[in-house]
Amino acid sequence: MEGNDHTLAWVILGIYIVVLMGIGWWGYLRSKTLSDYYVGGRTLGLWVVSFSFFATYFSSSGFIGGGGYGFQMGFGWSSTDPFFCILFASLAWIVVGPKLRNYTDKLGSITLPDFLGFRYGSVMPRVVAAAIILFAYIFYMVSIYKAAGEAFRTLLDIPYIVGILITLIPVMIYTAIGGFRAVTMTDLIQGALILFGGVLLFVLLMVEVGGWSAGIEQLKQVQVIGGQSGESLLHLDGFGPPPIMKAGRMVHFLITLSLAIGIVFLSAPHMVVRFYAAKDQRIISRGMILCPILVAVFTLCVYSIGPFAWLVLPKMVPASELANFFKNPDQVIPFLTLKMLPPAVGAVILVAVVSAGMSTINSLLLTLATSLGRDVVQALKPSVSNEKILMITRVSSIALAIIPFLIAINPPAVVVVLVGLSFSVIGSAFLAPLMGGLYWKGGTSAGSTVSMVLSTVSCIIWYIFYYRTTWIYPILPGLIVGVGSYILVSLFTKKPDPKIIAVGFER
């Protein structure tokens, strides 16, 4: 795609966006009730649910940030994060999916916050959960906007903000009008493109370096930043940002960051709602096999690109410019795509990157809008009709897309770090109330509410005051505080109605 003629890329991208708009209209025609709009009427099949789960997780920040971060962190990142992603994706389908699908169907729940409200017999955990979603997801979306803008700037030579708008506007429209059906059907297409694009780029890079084994041998011979041997890329604690390396905390950083990013599979509202939409338990059982395979193939391929880029980038740019890629590894994937691939292939990768962003933005937007409509407005004012809540949800999905766009105009530097902080809050805040609600009869409304609040606060405090001295990601203290407070407070506070609890434990 080198050069200024990007006509083919624009044509493919234009056709792709038109298809998405058509799916949005199709979703609109089939979304007449709140259940249709929020969870697709609980009628979705194996491939749609599995690919939607996969595509929702791997946004453009996962494609660009996750793929490029190995350039800065070496194979420590490229092995640790895929391990946690595969582990928690498997656990989500085995531990959370079957029970949550059954429980929410019996309770009539259509969002994670309203499940917490029904399960614990109180509006408080429902509203608190919705507030945390509104806080954490806004910042998560900033990272996706940033990655999309960087991709367009590098690949198509257009302004960063214009690139964000090209990604955002179509998603905002088809999500608002088409709801969950449109989101999941576009996810199916986007997931296939993400997987194909990621594997294709990895395969072409392997051809360039002579294969995996030959590439590893070559890495041992190269010099990287600071005159280090390329062999340092092959060790868990051998390579990374100088402050972390100097502190000797590389292993702590990698494990806790990967934990933060991976654990979201288990408890993030925009992820677990996919289980609500499955047609029946057979879909969940089959997805236990299919979805982890998708995750494994993508992460093991794409996350290995960063370290191997040390074999090709030094041939493409002056040594003085390598420091820029090291400081901002989000540039690595777009740059390799631009320099290594012919126009037709590069256009496919571009659409895959855009798809990665769109597939997560649509789910986050829908989660934000449904939380505001269902779990704030309707929870606090039950007299509001479902028809009006549906209208509020559609309108708010547009408004809530604009807020992170304004922040993304001047965003934090490294995409993966911002994602990790957002994921720390999401993972630690919802894990104990969700898992406790599914598997422990003793969990209470007070316990779940206190757990969500304290885990969120502890993540933020840890990130501000302790993260850069310990290099331990906020997910760890967040989980400890969240799980501990949930159990402790639940032991000494009033239990919910036993009849509601019994619903989830019936066979």
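The values are calculated or read from the model by the stated rules, or taken from the named source; none is laboratory data. Everything quoted here is computed from the prediction, not taken from an experiment. A quick note on method: Cβ atoms are made from the backbone with ideal geometry, for glycine too, and the neighbour counts reach across all protein chains shown.
Sort out for me the helices (runs of 4 or more DSSP H) sitting completely within the range 28-111 that have 2 or more residues that are small (Gly, Ala, Ser), at pLDDT below 95 and buried (at least 24 other Cβ atoms within 10 Å of the Cβ).
46-57, 67-73, 75-91
Just to verify a result, which residue in the range 242-284, among those that are within 28 Å of residue 471 (Cα to Cα) and among the charged types (D, E, K, R), is surrounded by the most Cβ atoms within 10 Å (Cβ to Cβ)?
Looking at residues that are within 28 Å of residue 471 (Cα to Cα) and among the charged types (D, E, K, R), I get 249.
Considering each of 191, 178, 163 in turn, give the residue that is within 25 Å of residue 373 (Cβ to Cβ), out of contact with any strand residue (DSSP E or B) (no Cβ under 8 Å at 6 or more places or on another chain) and of a type in the set (Gly, Ala, Ser).
Every option except 178 fails the conditions.
If you scan the range 366-399, which residues turn out to be in contact (Cβ under 8 Å) with a residue 24 or more places away in the chain and polar (S, T, N, Q)?
367, 370, 371, 386, 393, 396, 397
Tell me whether the range 484-497 contains one or more residues that are of a type in the set (Ser, Thr, Tyr), touching a helix residue (DSSP H, G or I) at 6+ places or on another chain (Cβ under 9 Å) and under 19 Å from residue 267 (Cα atoms).
Among the residues of the range 484-497, at least one is of a type in the set (Ser, Thr, Tyr), touching a helix residue (DSSP H, G or I) at 6+ places or on another chain (Cβ under 9 Å) and under 19 Å from residue 267 (Cα atoms), which makes the answer yes.
Quick one: how many residues across the range 295-324 are assigned to a helix (DSSP H, G or I), more than 24 Å from the chain's Cα centre (by Cα) and of a type in the set (Val, Ile, Thr)?
The total comes to 0.
Identify, by number, the condition in (1) more than 30 Å from residue 275 (Cα to Cα); (2) of a type outside the set (Lys, Arg); (3) crowded, with 24+ Cβ neighbours inside 10 Å that residue 369 doesn't meet.
Going through (1) more than 30 Å from residue 275 (Cα to Cα); (2) of a type outside the set (Lys, Arg); (3) crowded, with 24+ Cβ neighbours inside 10 Å one by one, residue 369 breaks only (1).
Just the residues that are without any contact (Cβ under 8 Å) to a residue 60 or more places away in the chain and in a helix (DSSP H, G or I), please, taken from the range 212-250.
Across the range 212-250, the qualifying residues are 212, 213, 214, 216, 217, 226, 227, 231, 242, 245, 246.
Yes or no, residue by residue, for (1) basic (Lys, Arg); (2) buried (at least 21 other Cβ atoms within 10 Å of the Cβ); (3) part of a helix (DSSP H, G or I):
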position: 422; (1), (2), (3): no, yes, yes
position: 428; (1), (2), (3): no, yes, yes
position: 455; (1), (2), (3): no, yes, yes
position: 473; (1), (2), (3): no, yes, no
position: 479; (1), (2), (3): no, yes, yes
position: 484; (1), (2), (3): no, no, yes
position: 502; (1), (2), (3): no, no, yes
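Could we say that residue 363 is closer than 19 Å to residue 128 by Cα and either without any contact (Cβ under 8 Å) to a residue 40 or more places away in the chain or of a type in the set (Gly, Ala, Ser) (or both) here?
no
Before we move on, is residue 285 hydroxyl-bearing (Ser, Thr, Tyr) and within 25 Å of the chain's Cα centre (by Cα)?
Yes; evaluated as a whole, the condition is true for this residue.
Quickly run through the range 205-227 and pick out the residues that are at pLDDT below 90 and either surrounded by 15 or more Cβ atoms within 10 Å (Cβ to Cβ) or among the acidic types (Asp, Glu) (or both).
Matches in the range 205-227: 224, 225.
Evaluate the range 132-147: report whether one residue or more is more than 19 Å from the chain's Cα centre (by Cα) and assigned to a helix (DSSP H, G or I).
no
Considering (1) of a type outside the set (Asp, Glu); (2) crowded, with 17+ Cβ neighbours inside 10 Å; (3) modelled with pLDDT of 90 or more, say which one residue 289 fails and leave the rest.
(2)
Yes/no matrix, rows are residues, columns are (1) of a type in the set (Asp, Glu); (2) farther than 29 Å from residue 119 by Cβ; (3) in contact with a helix residue (DSSP H, G or I) (Cβ under 8 Å, 6 or more places away or on another chain); (4) outside any helix (DSSP H, G or I):
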{"position": "326", "(1), (2), (3), (4)": "no, yes, yes, no"}
{"position": "331", "(1), (2), (3), (4)": "no, yes, yes, no"}
{"position": "345", "(1), (2), (3), (4)": "no, yes, yes, no"}
{"position": "362", "(1), (2), (3), (4)": "no, no, yes, no"}
{"position": "365", "(1), (2), (3), (4)": "no, no, yes, no"}
{"position": "373", "(1), (2), (3), (4)": "no, no, yes, no"}
{"position": "387", "(1), (2), (3), (4)": "yes, no, no, no"}
{"position": "398", "(1), (2), (3), (4)": "no, yes, yes, no"}
{"position": "401", "(1), (2), (3), (4)": "no, yes, yes, no"}
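Return the only residue of 478, 437, 427, 504 being in contact with a helix residue (DSSP H, G or I) (Cβ under 8 Å, 6 or more places away or on another chain), at pLDDT below 90 and under 26 Å from residue 365 (Cβ atoms).
Just one listed residue meets the conditions, 427.
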